[in-house]
Each structure stands twice: as C-alpha cells, then as structure tokens.
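Student: Input: one structure, supplied below.
Read-outs: derived from the displayed coordinates by stated rules, not from any lab. Treat the numbers as computed from the prediction; the structure is a model and nothing was measured.
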C-alpha cells in the first residue's frame, strides 16, 4: 500500500510528460487497493462512540436525534438527506441536522458546537466522525433526498442559482471550474455537477477519507473549501446557502446506490 | 381583505420562482461572513459579473463589445519593453496562493497560471481550463503588439472576452505591474522554457 503510494510520488516528481496517464492509472490502482480496507472505518468507529457519548449541559447522547426517519433511526437516514424538517422549518443536510441535535438535544451552544467543525490529519473533528458513522448506515441504499416540499424545491433552485453566481476578486462561479466536461485544475479532474452522471458519483461517495491529506472530508467542508479557493468570504456552516448547494448536487445525483464513506484522491 | 389575500399569495412566488442574481447576492450577504482578507465587498457583483451570471456567460454581442471597451480602459499599460524576468515569471505562474482568506495580506500573490494552462513543457502538472500556452512566444514572436496584448490579457482578461473564466489579475490587485511583466517574459522571452 505505502509502496504503491511512494511509486506515485516518485512518478509525480520524475516521470516524463507522456507518463501523466500512467500517474493517473497508478493513483486509481492505489485507490482501489486502499478501498479494500478504507481508513474511513476508523472514523465510523470513532463516530459511533461520539453518537453514544453523553455530552453538553444536558449530558445526553445523540441516540435520540431525529435525522428524518424518527428519533435514533440511523438505517437509511443519510440516503434521505437533505430534507425538510418541520421542527426547524427548513431544509437540512446531515451536518446541519447533527448540529441541530447538538443544540436542541444536548443543550450545547451553537458557538461551542461549531468551534471546530473541520479537523485535520492529527485531530479529526467530532462532526467528521459523526458524519462517517451516520453515512455508513446508508450503504447499499439509493440516494433519495427530499424534493416534494416547497422548501426542498426552493433549496434546489437556490443551489442551482448559486452554482452560476459569479462574484469575488476573481469573478468565479462554481461553473468556472465545474462548468465544462473534461477540464482539470493541475492534474485534478473536475466533475460538472449539472450532469447527473457526475453528480451521482459525488452523491454516492461523500463524505470520504481523503488520501492526500489523511483526513476525513464532508460536503460542508467541500463547499467551504471551494469558496475559499474562489477567493470569496466564508459561508457559515450549515447555512441555507451551503445546504442549498448540497441539495442541488444531491437531487441532481439522486438514485445512485450509496457506497461511501470511501476514499478520495 | 385585499391585504390578507396578498399575504396568502406572497409566499408562493419566492418559493417557486428561480432566484435572480440579486436574490442570490442577498442570500450570500446573509449567509457569508468576512474572514481574513476576504471581505463582504467581494459578494457584491459588479456590472460584468452580473451580466455574465444573467446570461450564463453568453452576453449579447453589442453589450459585450461595450463592456469590454470599459474593461480596456482599466488597463494601465507601462511604457517601454513589457518583457520582465521569465525566471520570476515561472515562480509566479507556479504559485497558486493569494487573495484567499487563509493567505496573509501584504505578501506577494501568485498567478495560479499552471492551475489552468500548460506553459513550460517541463511541468507535467498543469490544468486545462484555459488553452495550452506552450511555445506561445515561439509561435507569435515578441514584438510590441504581442507584448501589449499579453500584458493586457493578464491585467484584465475581460477586456478581450467579457465572460472569460480567467481572473482580472491586475485589475483585481492580485499581481503588480512588475509581476505581470515577468509573466509576459515567461511567455515571450526566447530563453523561457515555454518557448523550448
């Protein structure tokens, strides 16, 4: 496993231009090998412990958290997100809903619960591990986000409009990089998420373990990091804007069988 | 009674209508916050960003010509040769940092050129959002007109193609006059690896 990775690094540094295709093949081969025993499983285990751990002023666990299918129901819950929640009167993705439960069930402040939502290789965040644990309970199930409630429809439309909104120091929209098939940044291929085929593989594989940074990454992180690279200010964690983009991508990619949490490059 | 029926109808429209760029801007003003050097002023679209969003990057030809002419006026062309140091240009082209909320303000920004373009054939890790620029100067020469075009294109790409995906690197304050000259050198100097 590490030998294959070392070969990729050596190749990235020294291979002739003609070998760019070989590098890609090596990365793909490495990814397949790692998939047999993904580090994502470690995050799932950590997430299970956190799910069951009493926390906050109320010293209760998240085991009664309603992710849409009833309090404590985990099986298939992720595959049905994002969705409209009556108690919050808004559409929520997994992370936004987890935050809702931390605040309303455990009595934690929003500020405390969002202090460190994105972790790193040395210290993953609570949100990342919980996302891994919950998402894993939808493995093998078809992605079917909510799309009948007017607010679910509105979130889809807002997400689509955000995808095309050009702004910031560099005039970027999502489409600047994810707008035309077959384009790359450096060697990284860029899925056009207006295309259901591309959105399906995204919906089916996030959240995921990211090999290049040895960390676990979530969709809220993906939105945040894209806006950072777009030279924009920061979108608030769990805001309507980020949920709308996730709603748009997930609805576009609906119907795919969930096979995550797996690996990314 | 009239007011009551208006209130009943009102929520239906924003829910079903497709949000305009102005609506989206309002949502972003509410849901985003400044961080580091990235202030909320960046959310506010200028005329060009608005037109390109509205038309999905396909503006009507006459409007595009007018707005491109406006963008052309923003370019401050320096006097004399525009060909700077290609070695410095290569470093600027490689550097993908700058202008992000994680980047310290006041430090030199990169141009992120290799993110989207092939330049020196020695660099195999290049993007393909923009065209390949390998052999650029070897194919076009490096006379005053070519220098001026390359400088202007880097300073404000929108003066030449209104809804180009390329950032306005000079206009936005990302790159200095000297940095842009060094990038012109990278593309046009016969000694630059781009031309080998």
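Student: Helix A:126-136 sits at what angle to the longest principal axis of chain A, using alpha carbons and giving 0 to 90 degrees rounded to 10?
Tutor: Taking Cα atoms only, the helix is inclined about 80 degrees.
Student: Binning every alpha carbon pair distance of region B:72-196 at 10 Å from zero, what are the percents per bin?
Tutor: 14, 48, 34, 4
Student: In degrees between 0 and 90, to the nearest 10, how far off the longest principal axis of chain A does helix A:196-205 point, with axes built from Cα atoms?
Tutor: For helix A:196-205, the angle is close to 70 degrees.
Student: Under 37 °C and 0.692 mPa s, how fast does region A:142-265 diffuse according to Stokes-Einstein, given a Kirkwood radius computed over C-alpha pairs? Answer in µm²/s, whole number. Numbers along the way, then the final one.
Tutor: Working: Rh = 14.9 Å.
This corresponds to a translational diffusion coefficient of 220 µm²/s.
Student: How fast does region A:41-186 diffuse by Stokes-Einstein, in µm²/s, taking the Kirkwood radius from C-alpha pairs at 37 °C and 0.692 mPa s? Before the final figure, lay out the partial values.
Tutor: On the way: Rh = 17.0 Å.
The diffusion coefficient I find is 193 µm²/s.
Student: Two decimals is fine: what's Rg over Rh for the protein assembly as shown, C-alpha atoms, Kirkwood radius as Rh?
Tutor: That ratio is 1.00, to two decimals.
Student: Next up: Find how many whole Å separate the alpha carbon centroid of region A:222-265 from the alpha carbon centroid of region B:75-113.
Tutor: 30
Student: Another question about this same structure. For chain B, what does the helix formula give at 222 nm: sum of -39500 (n - 2.57) over DSSP H segments with n ≥ 4, over the residue count, nearest 500 deg cm²/dmol? Don't skip to the answer; put the middle values down first.
Tutor: Values: 10 runs with 86 residues, N = 196.
Value at 222 nm, helices only: -12000 deg cm²/dmol.
Student: Still on this model: In region A:102-215, if every C-alpha pair distance is counted and binned at 10 Å from zero, what percent goes to each bin?
Tutor: 10, 26, 41, 20, 2
Student: While we're here: Kindly provide the helix-only [θ] at 222 nm of chain A, computed as the sum of -39,500 (n - 2.57) over DSSP H runs of four or more divided by all residues, to the nearest 500 deg cm²/dmol?
Tutor: Details: 11 runs with 122 residues, N = 265.
Rounded to the nearest 500, the figure is -14000 deg cm²/dmol.
Student: With the cut-off at 12 Å, report for region A:218-262 the share of all Cα pairs above it, as a whole percent.
Tutor: So the portion of pairs separated by more than 12 Å is 65 percent.
Student: Right, here's the next one. Taking each pair of different alpha-carbon atoms in region B:5-153 once, compute 1/r for the pair, average those values, and report the inverse of that mean as the Kirkwood hydrodynamic radius in Å to one decimal.
Tutor: Working: mean 1/r = 0.0512 Å⁻¹.
Hydrodynamic radius (Kirkwood, Cα only) of region B:5-153 equals 19.5 Å.
Student: May I pose another question? Using alpha carbons only, how many degrees (0 to 90, rounded to 10) separate the axis of helix A:2-14 from the longest principal axis of chain A?
Tutor: Tilt relative to chain A: about 50 degrees.
Student: Considering all projection directions equally, how large on average is the shadow of the alpha-carbon convex hull of chain A, in square nanometres?
Tutor: Numbers: hull surface 57.1 nm².
For chain A, the mean projected area of the Cα convex hull comes to 14.3 nm².
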